[in-house]
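Every number in this text was worked out from the coordinates using simple rules, so none of it is lab data. Keep in mind it's a predicted model, so treat the numbers as computed, not measured. Note: ideal-geometry Cβ built from the backbone for every residue, glycine included; neighbour counts use all protein chains shown.
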Number of protein chains: 4
Amino acid sequence: MAEITLSQARAVVDAAARRSQELGTLMDIAVVDTGGNLKAFVREDGAWLGSIDISIKKARTARFFNMESGEIGKLSQPGGPLYNIEVTNDGLVSFPGGIPLRNSDGAIVGAVGVSGSTVENDHDVADAGTRGLS
Amino acid sequence: MAEITLSQARAVVDAAARRSQELGTLMDIAVVDTGGNLKAFVREDGAWLGSIDISIKKARTARFFNMESGEIGKLSQPGGPLYNIEVTNDGLVSFPGGIPLRNSDGAIVGAVGVSGSTVENDHDVADAGTRGLS
Amino acid sequence: MAEITLSQARAVVDAAARRSQELGTLMDIAVVDTGGNLKAFVREDGAWLGSIDISIKKARTARFFNMESGEIGKLSQPGGPLYNIEVTNDGLVSFPGGIPLRNSDGAIVGAVGVSGSTVENDHDVADAGTRGLS
Amino acid sequence: MAEITLSQARAVVDAAARRSQELGTLMDIAVVDTGGNLKAFVREDGAWLGSIDISIKKARTARFFNMESGEIGKLSQPGGPLYNIEVTNDGLVSFPGGIPLRNSDGAIVGAVGVSGSTVENDHDVADAGTRGLS
C-alpha cells in the first residue's frame, strides 16, 4: 500500500498555506494518512480554535469514505439515506474542506482537511493542498 | 495577546446575574478565557442543571469562532453550509447565548455563555454580561 | 433535602480565595451541589489550566462518597480495596483538596474542590472554604 | 500574555526533528499554545501511531501545570501525593517528553510534546525543540 510520507504531507500543508495567504484567510490545515491518523497539522496565527478539530475531522471523513467531505453532506440531510451520520466515528464533518490525497498512480495515500473560513474557501485551500502532493 | 482577569470575569458574571434578576429568569453563567478554558461560573438557585454544560459550551463556541453562538446556528441548519457542525469540538452550541468578550481596545479576551431560559433571554443576559467588562 | 444556595457557594469560594491569597498560591476553586453538579467556579489569575478539571473532580469525588477526596486515596492504592477507582465516574480525584460542605445542622449540602498547589495547600484552602459556609 | 506564533512552532518542530534524526529515532512531535490548543504537529515516517495522542497529551500536560511532564510522574506514583492524576483532563501523560516553551523574556508561550522512543530520547528531542524557539 502506498502511504503518504512526512515530506509529502509537509508539501500539502505548505501548498495549502500559500493558497490561504493568497486568499487572505486564516486556516487550520490537517493531513491524515491511509489509516486516518494525523500526519501533520498547522494552525495559522489567528485562525479559529474551533477549526483545529474540524480540520482534522474533515481529513478523517474524506479518508474514511474516500470522497470529499462535502459529498457526505449531500446524503446526510433530513430524509436522506445517511441522515445524521455525523454522530458516528467520534464525529464526522460533512461539509466541504476535506479531500482525499492521491499519488501520481492515483492511489489514495491519505487526506487533507482545511477549516477557518467559508466552506468555499476551505475547499479551495484544501484543493490547493492536494496539488502540493508530488 | 490580552487575557481576561478574574476581576473582569466576575464583573461579567455579576452584570449578567443582575440582568437575569431583572428579567426574573434563572440562569447558568459561564466565562471562558482566550484559550476556551473556564474562568468563572455560577448557577443561580433553581436554574436548570442541563444548562451548566450548555452555558459553558456556548461560551466556548463563541470563542472558538470569535462570533456569537447564534451566528453558527444560521449556517448549521439542514441544507446549510455548516450542517451538523455541532458534533465537533466535543459539542458546540449553535443557538444564541454565547458572545465574545472584548476589552476596551477591541481585543477578544474570552467569551460569556448563558443558558436557562428562552434563547432571547439567554442572549439578553449574555449581552448584559459583555457590558460588565471594564 | 437541604441544598446549597448560590449565596453560600459564593461565600465558600470567597473564603477559599482569601486563604489562597494568604498562602500566596494560585488556585482553581469549585463548588458542587448535592447532586454533584457545578454550582460556582473561579480560576485565580495565573492558576494552572490543568486544575480546572481537577478542582471540579475533587468536589464531585467528595460529594459522591460524602468524604474528603484524600480518604479515597487511602483505599485506592495498589493492593487496596478500591484499587483504581479513579477511572470510574468519568474520573475521580483521590488526593486531598475535596471536602464535603455541611450546613449548620450538619447536613451535607454539596462539596468544595481546590487545586493549584501542593495537596497540603489545596486541602488548607478547601478547608478554609468550608468555614465560609454560613 | 505572549503567545507562540506558527513560525516559532515550526522552528520548535524542526529543531526537534533534527535531533530525532541525529538519534536515529522516529518521533511524533506536537506543539500547543498557552491555552493548551494544538498549534503544529508532525509524525515522522514510521513513528508509532500510539504516539500521536501521547505527544499531544505530553505537550498539554506540560502547559497545564507549567512544568515538565515527567515532574508530574514523580508525584503520581502509588503512595504519592498525586496518585492517578493521569485520569483527569481527558488524560494526562506523566512521563518525560513534555516541556513548557518560554520566549526570550522567560514567559511561557506554549509547550512541546515528543513521543516515539524511550522516555530519555523523547525528553532529549523535546529539549532540543525548546532550543529551536527564537
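Per-structure values
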{"read-out": "Alpha-carbon centroids, the range A:75-134 and the range A:14-73: separation in whole Å", "value": "8"}
{"read-out": "At 1.306 mPa s and 10 °C, Stokes D of the protein assembly as shown from Kirkwood alpha-carbon radius, µm² per second", "value": "67"}
{"read-out": "For D:Arg102, residues with placed amide H under 5 Å, excluding near neighbours", "value": "D:Val109"}
{"read-out": "Amide proton proximity set for C:Thr118, modelled H, under 5 Å, gap of 5+", "value": "none"}
{"read-out": "Student exercise, the protein assembly as shown dipole from Lys, Arg, Asp, Glu Cβ charges, in Debye to nearest 20", "value": "20"}
{"read-out": "Alpha-carbon spread of the range B:6-130, three principal axes, descending order, Å", "value": "39, 33, 21"}
{"read-out": "Distances in nm from A:Ala107 to the matching label points in the other copies, shortest first (labels 7 Å along Cα to Cβ)", "value": "4.9, 5.0, 7.0"}
{"read-out": "Per-residue ³J(HN,Hα) for the range B:31-37, Karplus 6.51 cos²θ - 1.76 cosθ + 1.60, θ = phi - 60°, Hz, x for Gly and Pro", "value": "10, 10, 8, 5, x, x, 9"}
{"read-out": "Backbone HN-Hα couplings from phi across the range C:84-93 [Karplus 6.51/-1.76/1.60, Hz, Gly and Pro as x]", "value": "6, 4, 4, 7, 7, 6, 6, x, 9, 10"}
{"read-out": "Neighbouring partner chain Cβ atoms per residue of B:85-93, average, 10 Å criterion", "value": "6"}
{"read-out": "Spherically averaged projected area in nm², based on the convex hull that wraps the Cα atoms of the range B:1-74", "value": "5.3"}
{"read-out": "Placed amide H near D:Lys39: partners under 5 Å, 5+ positions off or other chain", "value": "D:Val31, D:Val32, D:Asp33"}
{"read-out": "Selection from A:Gly70, A:Asn89, A:Leu49 lying farthest towards where the dipole of the range A:6-130 points positive, charges on Cβ", "value": "A:Asn89"}
{"read-out": "Dipole magnitude (debye, nearest 20) for the range A:6-130, charges at Cβ of Lys, Arg, Asp, Glu", "value": "260"}
